[in-house]
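K.L.:
Attaching a single structure in structure tokens format; questions to follow.
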Amino acid sequence: MIATDNLHIRFKAVHAVKGVTFAVGKGESFGLVGESGSGKSTVLRALAGLNRDYTGSITLDGAPLPPDRPKGFFRRVQMVFQDPYGSLHPRHTVDRCLSEPLAIHAIADTDRRIRKVLDEVALPERFRFRFPHQLSGGQRQRVAIARALILEPEVLLLDEPTSALDVSVQAEILNLLADLRGALGLTFLLVTHNLPVVAHLCDRVAVMEDGQIVELLATDAFREGRVSHPRTKALLEAAA
Ligand SMILES: Nc1ncnc2c1ncn2[C@@H]1O[C@H](COP(=O)(O)OP(=O)(O)O)[C@@H](O)[C@H]1O
Ligand SMILES: [Mg+2]
């Protein structure tokens, strides 16, 4: 569904991504794990079209994507960020936040779509005209997920979607994401440094170190500790 081939990304002095290749199948949930600074977000941002300055190829459903993404791309692929407070405009209501993508893509049935997506993320309609500061962290992340879903995409790119939340709320959002994937047949590419998150949500994981994928595993192998690379072992030990 979405794949990279020999992806390289450089910032002035830093070669942040060094030849990353992987392919996520339709309906699959694929995890990218690694320590902070290993290049996970940089890969995801390039996939999302937020960083056009890469070499190598990125394909969607087998078709190579131009670095400057066509508008239609965003109807198929959406991203959810770590910090829902930072990613939601503080002076826009939930309603406005959800209407905007529809207006950009000239989709007319705004009211029906907003009610549908609020229902999907289990936010009662009374939240529709509230501002971000009137919501809890978990509710804000539900809004961010709703915004990603409102164009009815096929792929969600998720960058540490629960790391900014209280531990008590993390499981709630993870369960919601798992349910949504099943109900909507979504493909997930999930970036995290958090192993329980990977175990909960992913079928396969790629372990990144210093801009490269060092090991690719099925999640049950990961969960059961059947791993070979020292970085993977270190991530498991850090989580134990
Ligand atoms: N906009 C940027 N400018 C310069 N360096 C960057 C930028 N974004 C990321 N980097 C560097 O690229 C490397 C990978 O960062 P990142 O992808 O954010 O890692 P991760 O998400 O795994 O924590 C780090 O060394 C980081 O400092
Ligand atoms: Mg990151």
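K.L.:
Buried (at least 16 other Cβ atoms within 10 Å of the Cβ), in contact with a helix residue (DSSP H, G or I) (Cβ under 7 Å, 6 or more places away or on another chain) and of a type in the set (A, V, I, L, M, F, W, C), is that true of I213?
P.N.:
The answer is no for I213.
K.L.:
May I pose another question? Do we have any residue at all in region 2-15 that's within 9 Å of ligand 1 (Cβ to nearest atom), closer than 25 Å to I104 by Cα and charged (D, E, K, R)?
P.N.:
So far as region 2-15 goes, no, none of its residues is within 9 Å of ligand 1 (Cβ to nearest atom), closer than 25 Å to I104 by Cα and charged (D, E, K, R).
K.L.:
Restricting attention to region 159-193, which residues are closer than 22 Å to G37 by Cα, surrounded by fewer than 21 Cβ atoms within 10 Å (Cβ to Cβ) and away from ligand 1 (no atom under 12 Å from the Cβ)?
P.N.:
Within region 159-193, just A164 meets the criteria.
K.L.:
Among the listed residues R69, R112, R76, identify the single one that is open to solvent by 10 Å² or more (accessible area, probe 1.4 Å), without any contact (Cβ under 8 Å) to a residue 24 or more places away in the chain and touching a strand residue (DSSP E or B) at 6+ places or on another chain (Cβ under 9 Å).
P.N.:
It is R69.
K.L.:
Turning to a different aspect of this structure: Across region 11-42, which residue is nearest to V207 (Cα to Cα) among those that are open to solvent by 10 Å² or more (accessible area, probe 1.4 Å), within 12 Å of ligand 2 (Cβ to nearest atom) and not in a loop (DSSP other than H, G, I, E, B)?
P.N.:
Only one residue fits best here, namely K40.
K.L.:
A further question follows. Would you mind telling me which numbered condition in (1) within 16 Å of ligand 2 (Cβ to nearest atom); (2) open to solvent by 60 Å² or more (accessible area, probe 1.4 Å); (3) modelled with pLDDT under 95 R45 fails?
P.N.:
Going through the list (1) within 16 Å of ligand 2 (Cβ to nearest atom); (2) open to solvent by 60 Å² or more (accessible area, probe 1.4 Å); (3) modelled with pLDDT under 95, R45 breaks only (3).
K.L.:
Given (1) within 12 Å of ligand 1 (Cβ to nearest atom); (2) open to solvent by less than 80 Å² (accessible area, probe 1.4 Å); (3) aliphatic (A, V, I, L, M); (4) not in a helix (DSSP H, G or I), where does L50 come up short, assuming only one miss?
P.N.:
For L50, the failing item is (2).
The values are calculated or read from the model by the stated rules, or taken from the named source; none is laboratory data. Only a predicted model underlies this, so the values are computations on that prediction, with no experimental measurement involved. All Cβ positions, even for glycine, are placed from backbone atoms using ideal geometry, and neighbour counts span all protein chains on display. Please note that ligands, DNA and RNA were not included when accessible areas were found on the heavy atoms of the full protein model with its side chains. Shrake-Rupley method; radii C 1.70, N 1.55, O 1.52, S 1.80 Å.
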